[in-house]
Structures are given as C-alpha cells and as structure tokens.
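Beneath this line is the structure, given in structure tokens, with notes to follow.
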Amino acid sequence: MYYGYSMIYGCDASVIIASPNGDAEKDASENLSLAGDGFDTVIKAKQAVEASCPGIVSCADILALATRDVVGLLGGPSFNVELGRRDGLVSKASNVEGNLPKASFNLNQLNNMFSKHNLSQFDMISLSGAHTIGFSHCNQFSNRLYSFSSSSHVDPTLDSNYAQQLESECPQNPDPSVAVALDLQTSSTFDNLYYLNLVAGKGLLSSDQVLFTDTASKSTVVDFANNPNNFNGAFVTAMRKLGRVGVKTGNEGEIRKDCSKFNS
C-alpha cells in the first residue's frame, strides 16, 4: 500500500471498504498499520461531495486527491492527479497475501512484484520514499534485532546505535500494537531523509535497507539522498503511474454512495 493506492485491485478504493465480518482488504494483517483516520477523512469528504454532487465523484478519485494533498501538506511535492476512476466491487483480505511487498523482500522480489504493475525498479525505489512518513509494527522487523542469523542475532547492516534504540522500543515479544516510525527523525515531514537513513544503515525494514545494500539499486538511493529535487520529481512520476494501476472506467465498477460499503 502506497498512500492509499492498493496494489491488490488497483486504484479503486477497495481498501476503504469495511466488512462486519472483518474480512475486507484493510483487515488483512499486512494492512493493519494503515491509518484509519485517513480513511475517515475520505469518507467524510465523500459525504460532503455527495450532498451537492451525488453519484459523480468516486471514492477512488477522492482518495487519490487526498493522497496528493497529504504529501503537499507534509512538505512534499504537489502534482496534478488524473481523475475519472470508478470504485471497485471487490475487497477481500484473502486476496492480499502474495500481492503486497513484504518487509523481508530482497531487491529481486520487490522488482518482480512492482513489475506486475508496469512499475520499474526506479519507480519502486521512488515510491519507497513514501516511508519518510508512517510507521511499522515491531513484528515486521524484530527478526533484525533478535534472530537475524546463527552468526549474528542483529542484522549487521543495521547501524548499532539505531539497533539499540529499536531494541528499547521493541523488546522481544512486544505488545502487538506497538509501532515505530519508519523515519525516526522527521516522521511527519515528507522529505528525502528516508534515503539518507538508508545510507546510514538506519532503514527500519529489511526491504528498505536492501535498496542501499544491493549494488543494483544503491546508486539511485545515493542520488535521492543527495538530491531531494531528483527524488521529488521521480516520486511524482511514479505516483502518476501507480494511479493508473487497475483503474475502472466506463461501465466497470460503480460510484459508491458511501466509501465504506458497496452500493448493493
């Protein structure tokens, strides 16, 4: 998930659907770190739009616009959003497994998953910069602190001081609700510090740090760390491409009346 764009069904607001049975896309364990208040904002925005312009603007478009606005409000680049999406008719937690990047992925696994959506390695590294904000639960990276390998219980690519800080925040067998900022220094600012952290061995997830440790992607990380404008431009381009993934138009899908549930 990158800022509300689902890699399961595409940009169709499937991730906002709420199921009384707890089996919608957002209920999958991989999505439990998604901010519920962000979805609430989209739902309320849709209510306001629906009151004056019923049945015209999709939840998918509102979500795409809200994503752009959050990036801008947090200091990131502003960009135009392509509109005209319709909302999807499927949202199942059971479809998430195998369709989202995992915290343990190496570069080849990341590239394979993104290439399914016509996104290049350069796009993937650019979109990973979204980890300049947000958080992750301890179970997504605790193996890097306590059980990395037989020769070293701590991942040697982790900065030692950072590892100690993480151990204090995430002791062994932590409360499942405990979460840590993906960018400990400027977690509420959209900037290029994510890449500077990777260069310093302070990537929280294995799938973050591998972008620097793998020689095939290292040069892009170094470029984005040194040139924030290059990152911003690449991020905007990649977000536009991501926003076209799985788009429903014409007679596909529907225009939901309530973003949290299908019309019928």
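The values are calculated or read from the model by the stated rules, or taken from the named source; none is laboratory data. Quick caveat, the model's predicted, so the values are computed rather than measured. With ideal geometry, Cβ positions are generated from the backbone for all residues, glycine too; neighbour counts draw on all protein chains shown. Please note that ligands, DNA and RNA were not included when accessible areas were found on the heavy atoms of the full protein model with its side chains. Shrake-Rupley method; radii C 1.70, N 1.55, O 1.52, S 1.80 Å.
Here Asn111 qualifies as free of Cβ contacts under 8 Å to residues at least 24 places away in the same chain and buried (at least 16 other Cβ atoms within 10 Å of the Cβ). What residue, of Asn173, Asn251, Asn192, is modelled with pLDDT of 95 or more, out of contact with any strand residue (DSSP E or B) (no Cβ under 6 Å at 6 or more places or on another chain) and not basic (Lys, Arg)? Unique residue meeting the criteria: Asn192. Within the stretch 63-92, restricting attention to residues that are under 19 Å from Val49 (Cβ atoms) and open to solvent by less than 20 Å² (accessible area, probe 1.4 Å), the residue that is nearest to the chain's Cα centre (by Cα) is Thr67.
I'm trying to understand the selection: among the residues of the stretch 146-163, which are of a type outside the set (Val, Ile, Thr) and under 16 Å from Gly203 (Cβ atoms)? Don't jump to the end; show me each part of the working.
So the first thing to find is which residues in the stretch 146-163 are of a type outside the set (Val, Ile, Thr), and the list is 146-153, 155-156, 158-163.
Of everything in the stretch 146-163, those that are of a type outside the set (Val, Ile, Thr) and under 16 Å from Gly203 (Cβ atoms) turn out to be Phe148, Asp155, Pro156, Leu158, Asp159, Ser160, Asn161, Tyr162, Ala163.
Among the numbered conditions (1) surrounded by fewer than 13 Cβ atoms within 10 Å (Cβ to Cβ); (2) in contact with a Gly (Cβ under 7 Å, 6 or more places away or on another chain), tell me where Gly55 comes up short. So the condition that Gly55 fails would be (2). Note on the stretch 207-233: residues that are open to solvent by 40 Å² or more (accessible area, probe 1.4 Å) and of a type in the set (A, V, I, L, M, F, W, C) total 2. Is it the case that some residue within the stretch 93-104 is modelled with pLDDT of 90 or more and loosely packed, with under 14 Cβ neighbours inside 10 Å? Taking every residue of the stretch 93-104 in turn, none turns out to be modelled with pLDDT of 90 or more and loosely packed, with under 14 Cβ neighbours inside 10 Å.
Results for (1) of a type outside the set (Asp, Glu); (2) at pLDDT 95 or above; (3) within 16 Å of Phe262 (Cα to Cα); (4) touching a helix residue (DSSP H, G or I) at 6+ places or on another chain (Cβ under 9 Å), shown as yes or no for each residue.
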residue	(1), (2), (3), (4)
Tyr2	yes, no, no, yes
Met7	yes, no, no, yes
Asn31	yes, no, no, yes
Glu50	no, yes, yes, no
Leu73	yes, yes, no, no
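Residues are listed down the side, and each one gets a yes or a no for (1) under 15 Å from the mean Cα position of the chain (by Cα); (2) exposed (fewer than 15 other Cβ atoms within 10 Å of the Cβ):
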| residue | (1), (2) |
| --- | --- |
| Ser120 | no, yes |
| Asp123 | yes, no |
| Ile133 | yes, no |
| Ser142 | no, no |
| Ser151 | no, yes |
| Gln172 | no, yes |
| Ser177 | no, yes |
| Asn197 | no, no |
| Leu205 | yes, no |
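Could you please let me know if Asp40 is modelled with pLDDT under 95 and over 18 Å from the mean Cα position of the chain (by Cα)? No, not satisfied.
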